[in-house]
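Undergrad: My structure is below; once you've seen it, I'll send some questions.
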DNA sequence: GCACACTAGATCGTATACGATTTGATGTAC
DNA sequence: GTACATCAAATCGTATACGATCTAGTGTGC
């Protein structure tokens, strides 16, 4: 057996939250999930607690777990956190990125540009995720890398990261990506890369906030 | 009962790791801890897994948990992460800090200056923790705040944060604190405060790295 | 009609029990 | 003496069982 049951349970619930099968507010009952998996509740408990630690589910003692509710505040906080961490990860990863990595990232951004013309927001969002992952995945600091990945997972679970909510950002986003790629290719300073990446993310966040009639983020 | 047993177990083990009773490499046996607490192993399991998620313990399947080993790399990674997160937390908290908070922080820094003259590194380290906590604790973003607190806990568990390892940094550290306080008092921009806080932390990290004959951190 | 006590069902929290896995020691072949 | 197989002890992983707690619905008094 390669995986323990608690890992299987974790993978199952996690996947369902991220892909939307369990939507926010959905009640996660230990017994039900255990039955579905054909195991007892103990491993399921452990999985749920792990998900709680990641912020994907909300847990109340003696009451149970629900998929974390999304409100504007949560989105703001998650994006703000990612705005701090991801640029750092990208900057740290930059020196480790060779021609091959850059070429892949460039190809992804080109594909995004194509999506713009085809009005395909779903594919655009998907490519956007891949593009960013391409940039930060080489980050040599495992803690930072882990935090970035958790942030993206949270966003995916909230399905608020989709560009369907802020369509006008898509075009500018592609251009900011291009700028970032050029900085990395030119071996710009860590600070410059981090700053460009943060500007990109802050712009997205503020575009969302402006649309929701909320004050822009301080970071 | 205000606390569940798993929470009690978590608090106990966590406290012992942080205060050094369980030193790095210490083998955490579920049954033994359960016996000591007068409960079964199930709540202890949950506590250990939570600690694993925080990076305080290392867990291997079917083998067990040990208190996380400290090596230079781990210290570097933890400090680097904190160097990214804490300045952001401080900058976000700055606008929420009123006169009272600033006065407390100033008092702590003054006390640190006194410790310098008394050659009391233990008290200095303690005050340093309190000073930083004073600065970031008002951070309005709970995710970021949580990450900062975890980072400090990790450092405490590693006991590498102590100024006994880099005594010459103490004096400069106090001055950098002072500069930071002045920026906050003058309502400097978020960016300036974040930058000053990051410089402070990067300096400490690099002082450690230089002493260990390692290359300085990119961030 | 409203507030409060009570009850039943659902669900969680934990203890106990036992099978599964790892580890280190012992023994055996070469 | 070394390498490998075997075995026993330690420890973890999970199932089951039962008590504790919460929630919602019902009933009673006012």
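The values are calculated or read from the model by the stated rules, or taken from the named source; none is laboratory data. This structure is a prediction, so every number in the text was calculated from the model and none was measured. Positions of Cβ are backbone-derived with ideal geometry, glycine not excepted, and every protein chain shown enters the neighbour counts.
Undergrad: Suppose the filter is within 16 Å of DNA strand D (Cβ to nearest atom) and closer than 30 Å to residue B:84 by Cβ; does residue A:77 pass it?
TA: On the way: within 16 Å of DNA strand D (Cβ to nearest atom): no; closer than 30 Å to residue B:84 by Cβ: yes.
No, not satisfied.
Undergrad: Output the residue which, of all residues in the stretch B:56-75 that are touching a residue at least 60 places away in the same chain (Cβ under 8 Å) and in a helix (DSSP H, G or I), is surrounded by the most Cβ atoms within 10 Å (Cβ to Cβ). Give the steps one after another, and end with the answer.
TA: Filtering the stretch B:56-75 down to residues touching a residue at least 60 places away in the same chain (Cβ under 8 Å) leaves B:56, B:67-68, B:70, B:72, B:74-75.
From what's left, in a helix (DSSP H, G or I): B:72, B:74-75.
Values: B:72: 13, B:74: 18, B:75: 20.
Ranking the candidates gives B:75 first.
Undergrad: Could I ask something else about it? Read through the list (1) at pLDDT below 95; (2) exposed (fewer than 14 other Cβ atoms within 10 Å of the Cβ); (3) over 28 Å from residue A:54 (Cα atoms), then give the number of the only condition that residue A:164 fails.
TA: Tallying (1) at pLDDT below 95; (2) exposed (fewer than 14 other Cβ atoms within 10 Å of the Cβ); (3) over 28 Å from residue A:54 (Cα atoms), residue A:164 fails exactly one: (3).
Undergrad: Tally the residues that are within 13 Å of chain A (Cβ to nearest Cβ) and within 16 Å of DNA strand C (Cβ to nearest atom), restricting the search to the stretch B:59-75.
TA: Going through the stretch B:59-75 one residue at a time, the tally reaches 5.
Undergrad: How many residues does the stretch A:10-47 hold that are within 14 Å of chain B (Cβ to nearest Cβ), part of a helix (DSSP H, G or I) and within 13 Å of DNA strand C (Cβ to nearest atom)?
TA: First, the residues of the stretch A:10-47 that are within 14 Å of chain B (Cβ to nearest Cβ): A:10, A:14, A:30, A:40-47.
Next cut, part of a helix (DSSP H, G or I) only: A:10, A:14, A:30, A:41-47.
Next, from what is left, pick out any that are within 13 Å of DNA strand C (Cβ to nearest atom): A:30, A:41-47.
Number of matching residues: 8.
Undergrad: One residue is enough: does the stretch B:142-156 have a residue meeting the conditions surrounded by fewer than 14 Cβ atoms within 10 Å (Cβ to Cβ) and over 30 Å from residue A:75 (Cβ atoms)?
TA: First, pick out the residues of the stretch B:142-156 that are surrounded by fewer than 14 Cβ atoms within 10 Å (Cβ to Cβ): B:142.
If we keep only those that are over 30 Å from residue A:75 (Cβ atoms) as well, we get none.
Within the stretch B:142-156, none of the residues are surrounded by fewer than 14 Cβ atoms within 10 Å (Cβ to Cβ) and over 30 Å from residue A:75 (Cβ atoms).
Undergrad: Only one of A:194, A:182, A:175 is in a helix (DSSP H, G or I) and surrounded by 15 or more Cβ atoms within 10 Å (Cβ to Cβ); which?
TA: Numbers: A:182 fails: surrounded by 15 or more Cβ atoms within 10 Å (Cβ to Cβ); A:175 fails: surrounded by 15 or more Cβ atoms within 10 Å (Cβ to Cβ).
Only one candidate qualifies: A:194.
Undergrad: In contact (Cβ under 8 Å) with a residue 24 or more places away in the chain and either more than 14 Å from chain B (Cβ to nearest Cβ) or surrounded by fewer than 20 Cβ atoms within 10 Å (Cβ to Cβ) (or both): is that true of residue A:127 in this structure?
TA: On the way: in contact (Cβ under 8 Å) with a residue 24 or more places away in the chain: no; either more than 14 Å from chain B (Cβ to nearest Cβ) or surrounded by fewer than 20 Cβ atoms within 10 Å (Cβ to Cβ) (or both): yes.
No: the conditions fail for residue A:127.
Undergrad: How many residues, within the stretch B:21-55, are more than 12 Å from DNA strand D (Cβ to nearest atom), farther than 10 Å from residue B:67 by Cα and surrounded by fewer than 14 Cβ atoms within 10 Å (Cβ to Cβ)?
TA: Qualifying residue count for the region: 3.
Undergrad: Could you say whether any residue in the stretch B:100-116 is surrounded by fewer than 21 Cβ atoms within 10 Å (Cβ to Cβ) and either within 11 Å of chain A (Cβ to nearest Cβ) or within 16 Å of DNA strand D (Cβ to nearest atom) (or both)?
TA: Taking every residue of the stretch B:100-116 in turn, none turns out to be surrounded by fewer than 21 Cβ atoms within 10 Å (Cβ to Cβ) and either within 11 Å of chain A (Cβ to nearest Cβ) or within 16 Å of DNA strand D (Cβ to nearest atom) (or both).
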